[in-house]
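Report on the structure given below.
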Amino acid sequence: MYVAVKGGEAAIANAHRLLADRRRGDRSVPALRLDQIVEQLALGVDRVMSEGSLYDRELAALAIAQARGDMIEAIFLVRAYRTTLPRFGYTNPVDTGAMQIERRISATYKDLPGGQVLGPTFDYTHRLLDPELAAGAEVETPAQRPAEPEAMPRVSAILAHEGLIEADGEMPLDHVPGDITREPLQFPMARDIRLQALSRGDEGFLLALGYSTQRGYARNHPFVGEVRIGEVELELDVPELPFAVPLGSIRVTECQMVNQFKGSAKAPPQFTRGYGLVFGQSERKAMAMALCDRALRAGELGEDVVAAAQDEEFVISHSDNVQATGFVEHLKLPHYVDFQAELGLVRRMRAEYEARENEDKAEEKREAAE
Amino acid sequence: MNAQSNDIATYNFAYLDEQTKRMIRRAILKGIAIPGYQVPFASREMPMPYGWGTGGVQVTASIIGPDDVLKVIDQGADDTTNAVSIRAFFKKVAKVAVTTETAKASIIQTRHRIPEHPLNAGQVLVFQVPIPEPLRFLEPRETETRKMHALEEYGLMHVKLYEDIAKHGRIATTYAYPVKVEGRYVTDPSPTPKFDNPKMHRSPALQLFGAGREKRIYAVPPFTDVVSLDFEDHPFEVQTFDQPCALCGAENVYLDEVILDDHGGHMFVCSDTDHCEKRRADGHHGHLAPETHLASEETEPAE
C-alpha cells in the first residue's frame, strides 16, 4: 500500500549531519585549521577568491574546508556571502605598472627593463612526486634579491613607443565602469563588463576555449607579452578628501597577450592585445582569459566570427561555473510532473503508432491472401 | 537574523539587503505594468544553487514581510525536498509563519504546478522559472529574441506548433506551453504542465515569475488574460486522466503516477498533496486509500 512519503525535513537534516561527519573524517586525524589552508593550499585559496570575486583569504579558506575541497562549491559559498555585502564605493583603477613584482616574465623579449623574474613557479619543475614532502622534510629559506629599485614598465608600454601595438584604448571621461554584480547582463556588452565576467569565469571553461583558439578555432597568433604577479595598491577617492585614500594591497596576476593582426577595414596592421587580470596567483587563468578576451574582440577589430571562442553570448553566458553547476545539477530535482505529462503524450502517440502498424500488417495479410 | 552575535557573517531580514530588495521590487513593478514582459534584473547569488529556485526565492524575499504566511510547493507537493529546503530557509531568515494550506497562504512559491484550490485576491503566486524565454529553443540568442518580442514577431512559435501538428497530429508540447498575456507578449508559464495554463487566465491572485540564473522577472497581474496558443482547427486542450486519484477519488485534477512494483503495477495520485489531504480529511476515499485517518494540515506560526 502506497502512503505519501512525509519526513523530507528530517531526511535533509540527517543528510547534512552525515555530511558534517564525512567532512571531518577520521577524528584521530587533526582537523585542518584555516591558517593551514591559507598558507599551504594558497593557489586553491586564490582560485576561490578569484572566481568567488571576493578578496578575503580567510573566508576562502573557510569555504574550501566547508566544501571538502570542492572548488566550485567553495566558490559558490563565497559568492553567496559576498552578494549580501553592501557596496560602499569603487576603488580607482589599479596601476599594475607600479606592482611590487614577485614574478614577471616576457616571451617576446629576451631581456627588458626590470628583467625576467621567475618567482615561485611550477615551470621547469620536474613533475616527480616528492616523497620528502610526504615525510614532512624541512624546507630551505628562499634566496631573495634585494628590493628592486628599477622600474618594471609593462611590456605594452615598451612596444607602444613604436606605434606597432594598439594603445590601451580610451574611455569617454564620463564613463562609469559597469558592475556585473549590480546590473543585469545585456548583450552586446562593453569590454569592461566582458572582462569582469571573464575574470570570475570558470578557469577550466576559459582554458578550454583559449586552447581552442590555439588549435585553429579563431586562431589569433598569441605571444605572451608579459605575465606579472605581485601586490598592487588599492586607492579609494573619498569626496571629503583632496587625495585618494590607500586601502591596502591585493595580490593579482596580470597577463598581456600580444597578437599579430594583419589589419582589416576597421584597423591598420599592428599588434593587438588580449588582457587577463585575476586575484591571487593564477597564470593559467590569466592567460586563458587574455586569449578569450582577444578572441571576443573579433567584432571590434572587423574579424569574421567563425568559432565559439569569438561568440560573446556563447562565452559569457556559459562561463560562470556557479550558474552552470546549479543548472546542470538541478536535473537532480524532481521533475515528475513534467515527466508525467511527457509520459502521457508518448503513450498516446505509441498507441496510435501501434494501431497503424497493426492495420498495415492486416492489410498486407489480406493482400497476400488474395 | 538581524542581530546575530557571530560577526564573521550576518544577514538581513529575508537574506537580501534592502538595496537589493528595492531593485527587485522595481523590476516586479515594471513587470506588473507590462504583463508578460521579461524585465532584466541584477539577480544575486543566493545560498541555494542557480536552477534550484533562486529567482523565485529572490522575488519572495523581496515581497515577504513579517506578517506573511508562506507556502512552498515543488511538483505540487509541500514535502518534496527542495520545497522543504526553501520553506526552512524563509523560516530561518525571515521567521515567517509557514503553512501547507493553499487557502491560508499569503505567498505561495511554486515549482512546476499551480495549486488545485482556486487562488483568491490578495494571494501572490511566485513561480520558479528555469528558462524564461519561450522562444529560446527556437532561437538561442537573447539579442534576437528580444527583438522578436519588441516587434511582436511570433511567427516562429506558430510554425513550431504547426510542425508539431503536421508531424505528430497534435501539438506535442505538454509543459511550459506558451501563452499570450494580455494580447501582447508570448510568455513562458514556467514548466508547469499545460493542465495548469487555464488557471492563470484572469486569476484573482498576482502571479510573479522569477528566473535567477537568467536574470529575468515577469508578472501576470490579477484578472489578466492568459491565452494558450493554438489554432482554430486544433484548439488548446489540457491533459485528462482515465482514472480518479487513488487516494482521494478526485477527478479533473493533475495526477502523478506512482510505481508500486517492478511488474508494471502503478497507481495515480494527486500531485497537489494539500488538495488530496484536505479531500481525505473531508471523507473522500479513493480505491487504494489507506484506512488511517489523516491529521488535518497545520500552520506553523511566525516566531
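The values are calculated or read from the model by the stated rules, or taken from the named source; none is laboratory data. Not measured: the values here are computed from a predicted model. FYI the Cβ positions are ideal-geometry reconstructions off the backbone, even for glycines, and counts take in every protein chain you see.
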Which of the residues that make up segment B:37-48 are under 18 Å from the mean Cα position of the chain (by Cα) and crowded, with 24+ Cβ neighbours inside 10 Å?
B:GLN38
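Could you tell me which of the residues A:ALA351, A:ALA362, A:ALA290 is within 15 Å of A:GLY201 (Cβ to Cβ), among the aliphatic types (A, V, I, L, M) and either more than 8 Å from chain B (Cβ to nearest Cβ) or not in a helix (DSSP H, G or I) (or both)?
Step by step, each of A:ALA351, A:ALA362, A:ALA290 is checked, and only A:ALA290 is within 15 Å of A:GLY201 (Cβ to Cβ), among the aliphatic types (A, V, I, L, M) and either more than 8 Å from chain B (Cβ to nearest Cβ) or not in a helix (DSSP H, G or I) (or both).
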Filter result for B:GLY51 (of a type in the set (Gly, Ala, Ser) and either in a loop (DSSP other than H, G, I, E, B) or surrounded by fewer than 17 Cβ atoms within 10 Å (Cβ to Cβ) (or both)):
yes
What pairs come up if the first residue lies in segment A:1-28 and is surrounded by 10 or more Cβ atoms within 10 Å (Cβ to Cβ), the second is modelled with pLDDT of 90 or more and among the small types (Gly, Ala, Ser), and their beta carbons are under 7 Å apart, counting only those six or more places apart or on different chains?
A:GLU9/B:ALA88; A:ILE12/B:SER85; A:ARG24/A:ALA31
Quick one: B:ILE86 ticks every box in (1) under 22 Å from A:ALA80 (Cα atoms); (2) at the interface with chain A (Cβ under 7 Å from one of its Cβ atoms) bar one, so which box is it?
(2)
Name the pairs whose Cβ atoms lie under 7 Å apart, with the first residue in segment B:92-121 and free of Cβ contacts under 8 Å to residues at least 12 places away in the same chain, the second in a loop (DSSP other than H, G, I, E, B) and surrounded by 15 or more Cβ atoms within 10 Å (Cβ to Cβ), and 6 or more positions between them or separate chains?
none
Checking A:GLU73 against (1) more than 14 Å from chain B (Cβ to nearest Cβ); (2) modelled with pLDDT of 95 or more; (3) surrounded by 14 or more Cβ atoms within 10 Å (Cβ to Cβ), which test does it fail?
(1)
Which condition from (1) within 14 Å of chain B (Cβ to nearest Cβ); (2) buried (at least 17 other Cβ atoms within 10 Å of the Cβ); (3) part of a loop (DSSP other than H, G, I, E, B) is the one that A:GLY201 breaks?
(1)
Let me confirm something: among A:PHE223, A:PHE271, which residue is more than 25 Å from the chain's Cα centre (by Cα), in a strand (DSSP E or B) and closer than 19 Å to A:ALA157 by Cα?
A:PHE271
Can you report the number of residues in segment B:190-217 which are of a type outside the set (D, E, K, R) and within 12 Å of another protein chain (Cβ to nearest Cβ)?
9
Would you check if there is a residue in segment A:188-195 being more than 16 Å from A:LEU54 (Cα to Cα) and over 19 Å from the mean Cα position of the chain (by Cα)?
yes
Please indicate, with yes or no, whether at least one residue in segment A:116-136 is within 24 Å of the chain's Cα centre (by Cα), acidic (Asp, Glu) and away from chain B (no Cβ under 14 Å).
yes
Qualifying positions in segment B:95-134 - surrounded by fewer than 23 Cβ atoms within 10 Å (Cβ to Cβ), assigned to a loop (DSSP other than H, G, I, E, B), away from every other protein chain (no Cβ under 14 Å) and in contact with an Asp or Glu (Cβ under 8 Å, 6 or more places away or on another chain)
B:LYS95, B:GLU101, B:SER106, B:HIS117
All but one of (1) surrounded by 10 or more Cβ atoms within 10 Å (Cβ to Cβ); (2) at pLDDT 90 or above hold for A:PHE122; state the number of the condition that does not hold.
(1)
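Conditions (1) out of contact with any Leu (no Cβ under 9 Å at 6 or more places or on another chain); (2) surrounded by 14 or more Cβ atoms within 10 Å (Cβ to Cβ); (3) not hydroxyl-bearing (Ser, Thr, Tyr), marked per residue:
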site	(1), (2), (3)
A:GLU240	yes, no, yes
A:ALA244	no, yes, yes
A:LEU247	no, no, yes
A:ARG251	yes, yes, yes
A:CYS255	no, yes, yes
A:GLN260	yes, no, yes
A:ALA265	yes, no, yes
Enumerate the pairs (first residue in segment A:170-184 and over 16 Å from A:ARG79 (Cβ atoms); second residue anywhere and in a loop (DSSP other than H, G, I, E, B)) with beta-carbon separation below 6 Å, excluding pairs fewer than 6 apart on the same chain, so at least 6 apart or on different chains.
A:GLU183/B:ALA42; A:PRO184/B:PHE41; A:PRO184/B:ALA42; A:PRO184/B:LYS215
For segment B:54-94, name all the residues that are crowded, with 20+ Cβ neighbours inside 10 Å, of a type in the set (Lys, Arg) and in a helix (DSSP H, G or I).
B:ARG87
Residue that is surrounded by the most Cβ atoms within 10 Å (Cβ to Cβ) [pool: residues in segment A:93-119 that are without any contact (Cβ under 8 Å) to a residue 60 or more places away in the chain and out of contact with any helix residue (DSSP H, G or I) (no Cβ under 9 Å at 6 or more places or on another chain)]
A:GLY114
When you go through (1) hydrophobic (A, V, I, L, M, F, W, C); (2) closer than 21 Å to A:SER319 by Cβ; (3) in contact with a helix residue (DSSP H, G or I) (Cβ under 8 Å, 6 or more places away or on another chain) one by one for A:ALA190, which number turns out not to apply?
(3)
Could you grab the pairs with beta carbons closer than 9 Å, sequence gap of 6+ or different chains, first residue in segment B:140-157 and under 16 Å from B:GLY36 (Cα atoms), second one among the basic types (Lys, Arg) and outside any helix (DSSP H, G or I)?
B:THR145/B:ARG136; B:GLU152/B:ARG184; B:TYR154/B:LYS180
